[in-house]
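Nothing in this text is a laboratory measurement; each read-out follows from the coordinates by a stated rule. Just so you know, these numbers come straight off a predicted model, no measurement behind them. Here Cβ is always computed from backbone atoms with ideal geometry, including for glycine, and neighbour counts include all displayed protein chains.
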Amino acid sequence: MIFFEPQSRDRKIFPHDPIKALVTPRPIGWISTVSAKGELNLAPYSYFNAFSSSPPIVGFSSEGDKDSSTFAVQTGEFVWSMATWELRDQMNATAASLARGESEFKHARLESAPSRLVRPPRVAASPAAFECRVTEVVKLKDLDGRDSGRRLVLGRVVGIHVAERFVRQGRVDSAAMRPIARGGYDEYSVVEQVFSMPRPA
Ligand SMILES: Cc1cc2nc3c(=O)[nH]c(=O)nc-3n(C[C@H](O)[C@H](O)[C@H](O)COP(=O)(O)O)c2cc1C
């Protein structure tokens, strides 16, 4: 086994930080937000997950104050759209650093669809989306207690969109949606196969 402390890895063995390759697959938070001034934004966040089902809470973490976290904090709203195999190139295109106010929807040639309860729209072609209201913004600290500049934005899911064609016998066929997930480096995975395993009684 190789053991190392993250800040002092042997760069001959690991020229690149391997941590993201070890926490894989990470679902992609494809996050749309609107600023207080009405500027629209869309960007992918792989530090994203669901943290609770009741109340339903999801969150994304921003490595520094980026537009998504800034806008979500300003307005208290964000929308998550599922990134899928079909939308992979467009999802990647929305990671471009555009000037504030220049829409990533337009840049990635994506249609938006209006939300019902919040201002940011969802990605129309995505098979699932959550409308969210911000509940907490956690300033992630390092061991010395100092603010790391990382912002974990948590939100309560207030509205859920699911494309009917993926609903079969009361269940969502998530493998048929082919969600993509992030690994390390420039790696991704795609969920096409699932297995069932009932929990022990
Ligand atoms: C698949 C993918 C996942 C990403 N995950 C994160 C992340 O978790 N946190 C982060 O700060 N940036 C992440 N990025 C980079 C941001 O998407 C990128 O900095 C983007 O320009 C931020 O946009 P914004 O300023 O409009 O919010 C990711 C990029 C890609 C392609």
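Mean residue ellipticity at 222 nm from the helices of the chain, using -39,500 (n - 2.57) per DSSP H segment of n ≥ 4 over the full residue count, to the nearest 500 deg cm²/dmol?
Mean residue ellipticity at 222 nm (helix-derived): -3000 deg cm²/dmol.
Quote the relative contact order of the chain in percent (integer), defining contacts as alpha-carbon pairs under 8 Å separated by 6+ residues. Please report the intermediate quantities before stating the final value.
Details: 418 pairs, mean separation 47.7, N = 201.
Relative contact order, the chain: 24 percent.
Given labels modelled 7 Å from the Cα in the Cβ direction, how far is it in nm from W85 to R156?
So the two model labels end up 3.7 nm from each other.
Just to verify a number: FRET efficiency for R11 and H107, C-beta to C-beta distance, R0 = 35 Å, to 0.05? Before the final figure, lay out each step's value.
Working: r = 35 Å, r/R0 = 1.00.
The computed FRET efficiency comes out at 0.50.
In nm, to one decimal, how far is the I19 label point from the E63 one, both placed 7 Å along Cα→Cβ?
That separation, rounded to one decimal, is 0.9 nm.
Return the loop-located GluC sites (Glu not before Pro) in the range 147-201 (DSSP other than H, G, I, E, B) with at most 16 other Cβ atoms within 10 Å of their own Cβ; answer none if there are none.
E187, E192
Averaging over all projection directions, find the projected area of the Cα convex hull of the range 35-81 and quote it in nm² with one decimal place.
3.5 nm²
Using r as the Cβ-Cβ distance of V190 and D144, and R0 as 41 Å, what FRET efficiency do you calculate, to the nearest 0.05?
My answer for the efficiency is 0.55.
Of all the C-alpha pairs in the range 12-144, what % are more than 23 Å from each other?
Numbers: 2852 of 8778 pairs.
Cα-Cα pairs in the range 12-144 separated by more than 23 Å: 32 percent.
PRE reach from E39 (point 7 Å along Cα→Cβ): which of the range 71-113 fall under 18 Å by backbone N?
Only 71-79, 94-108 pass the distance filter.
If you wrap a convex hull around the Cα atoms of the range 93-201, how much volume per residue is inside, in Å³?
It comes to 225 Å³ per residue, whole-number rounded.
How many angstrom lie between the C-alpha centres of the range 101-155 and the range 20-90?
The distance from the Cα centre of the range 101-155 to that of the range 20-90 comes to 4 Å.
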